[in-house]
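One structure below.
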Amino acid sequence: RAKESGRNTFALYKPEMQAVSDARLEMEKALHHATEFKLFELYYQPQTNDKNQLIGAEALIRWKDEQKGFISPATFIPVAEEIGLIVEIGHWVLNEALSQVAIWLKEGKWDLSWRMSINVSPIQFQQASFLPMLKTQLEKHDVPARCVDLEITENMLLNDLTSSLEKMNAIKAMGIHLSIDDFGTGYSSLKYLKSLPIDRLKIDQSFVRDLLTDKSDEAIVHAVIAMAKALKISVLAEGVETLSHYDRLREIDCFYYQGYYFGHPLPPKEFIAEFVHD
Ligand code: C2E
Ligand code: MG
Ligand code: MG
Ligand code: MG
């Protein structure tokens with residue numbers, strides 16, 4: 001500690017910095033514990049088309065800490081990535097989401113045309129074990145590949161494009177769908193986009209939020225939709241919160257949506273009760 005090293009040295013750590021690193025260490029410990037004892041849950045958020053029909057759901061991880069309550073994945077996923085735990089967590093997510101689809105298929109509550117969208121961290125995707133793991137999981141749960149959609153981010157393509165491309169092609173060959181999540185916020189180049197086996201772009205919610213008031217956002221969304229159409233890639237808008245968002249998106253030919261206007265992420269039973277009708 002700086003303060004033990006004598007009067008004339010710099011204090012490298014201020015008390016508030018110490019507090020930050022204590023909190024960080026505490027979160028790492030709690031994450032290890034949560035991963036070991038599988039203390040996570042998956043919530044499901046509906047994805048719909050312009051006829052207000054369900055086209056699938058996104059599985060979103062939830063972690064309820066005993067003391068702190070719900071901790072946002074936007075907070076703990078980056079930590080899990082840094083300490084490598086994301087590989088194990090991602091494996092749990094895939095297993096859980098596929099076992100849920102298998103149950104719903106058996107119960108007649110999941111249509112074969114619907115897709116379960118699963119977020120995949122770049123670090124998870126880069127593992128040599130990722131493809132074999134994916135195959136094993138599909139076989140184990142006996143879920144048709146076309147019911148699965150993997151959400152990856154643009155930045156993943158920054159590291160080792162060739163091997164990423166090979167992996168993506170192998171995933172496509174299995175029949176699994178691929179989406180680019182948070183599209184527009186990363187570093188992907190349009191040159192790559194045309195050669196990637198991508199089914200869908202998910203336009204990041206930051207462009208959708210002010211769609212009605214910000215002309216630049218509207219222009220960007222419009223341009224993405226036009227480009228995707230030319231590349232025969234479908235576009236889904238994230239963060240659709242109001243009827244006016246929905247109306248404007250339809251006007252500019254965006255036909256797939258996800259957001260609070262259609263439904264919040266919910267635990268499995270609530271998801272079925274609210275969005276699946278027989
Ligand atoms: P994402 O994949 O872009 O997921 C969409 C996020 O937007 C979710 O936040 C969702 O609850 C939220 N959202 C949905 N509709 C609306 C809306 O209309 N308005 C607003 N303001 N927000 C909306 P969530 O569940 O907190 O997840 C945050 C991020 O954490 C995700 O962003 C994803 O990057 C990551 N994440 C979540 N689950 C997983 C997972 O299982 N694995 C990995 N690797 N990352 C995950
Ligand atoms: Mg996502
Ligand atoms: Mg997103
Ligand atoms: Mg994201």
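The values are calculated or read from the model by the stated rules, or taken from the named source; none is laboratory data. Just so you know, these numbers come straight off a predicted model, no measurement behind them. Cβ placement follows ideal geometry from the backbone for every residue including glycine, while neighbour counts extend to all protein chains displayed. Just so you know, the surface numbers come from the protein's heavy atoms only, side chains and all, with ligands and any DNA or RNA stripped out. Shrake-Rupley method; radii C 1.70, N 1.55, O 1.52, S 1.80 Å.
Structure summary
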quantity	calculated
Yes/no for residue 149 being touching a Ser or Thr at 6+ places or on another chain (Cβ under 7 Å), open to solvent by 20 Å² or more (accessible area, probe 1.4 Å), within 16 Å of ligand 1 (Cβ to nearest atom) and in a strand (DSSP E or B)	no
Count - residues of region 221-259 that are away from ligand 4 (no atom under 16 Å from the Cβ), in a loop (DSSP other than H, G, I, E, B) and in contact with an Asp or Glu (Cβ under 7 Å, 6 or more places away or on another chain)	2
Given (1) modelled with pLDDT of 95 or more; (2) away from ligand 4 (no atom under 16 Å from the Cβ); (3) surrounded by fewer than 21 Cβ atoms within 10 Å (Cβ to Cβ); (4) outside any loop (DSSP other than H, G, I, E, B), index of the condition residue 134 fails	(3)
Some residue of region 34-42 being under 29 Å from residue 170 (Cβ atoms), open to solvent by 60 Å² or more (accessible area, probe 1.4 Å) and part of a helix (DSSP H, G or I)	no
Given (1) open to solvent by 60 Å² or more (accessible area, probe 1.4 Å); (2) under 26 Å from residue 77 (Cα atoms); (3) more than 16 Å from ligand 2 (Cβ to nearest atom), number of the condition residue 168 does not satisfy	(1)
Matching residues, region 109-131, being open to solvent by 60 Å² or more (accessible area, probe 1.4 Å) and not polar (S, T, N, Q)	109, 111, 112, 128
Residue 98 vs. criteria within 12 Å of ligand 1 (Cβ to nearest atom), closer than 16 Å to residue 177 by Cβ and either open to solvent by less than 50 Å² (accessible area, probe 1.4 Å) or at pLDDT 95 or above (or both)	no
Count - residues of region 206-235 that are open to solvent by less than 40 Å² (accessible area, probe 1.4 Å) and of a type in the set (S, T, N, Q)	1
Matching residues in region 44-95 - criterion: being open to solvent by less than 40 Å² (accessible area, probe 1.4 Å), under 17 Å from residue 268 (Cβ atoms) and either without any contact (Cβ under 8 Å) to a residue 40 or more places away in the chain or part of a strand (DSSP E or B) (or both)	44, 45, 46, 47, 54, 56, 57, 58, 59, 60, 61, 63
Residue list for region 155-206, filter: under 18 Å from residue 121 (Cβ atoms), within 13 Å of ligand 1 (Cβ to nearest atom) and not in a loop (DSSP other than H, G, I, E, B)	155, 156, 179, 180, 181, 182, 183, 202
Residue in region 173-186 that is most open to solvent (accessible area, probe 1.4 Å), counting only those that are closer than 25 Å to residue 146 by Cβ and within 11 Å of ligand 3 (Cβ to nearest atom)	182
Residue, nearest to ligand 2 (Cβ to nearest atom), within region 187-205, restricted to residues that are open to solvent by less than 50 Å² (accessible area, probe 1.4 Å) and under 14 Å from the mean Cα position of the chain (by Cα)	202
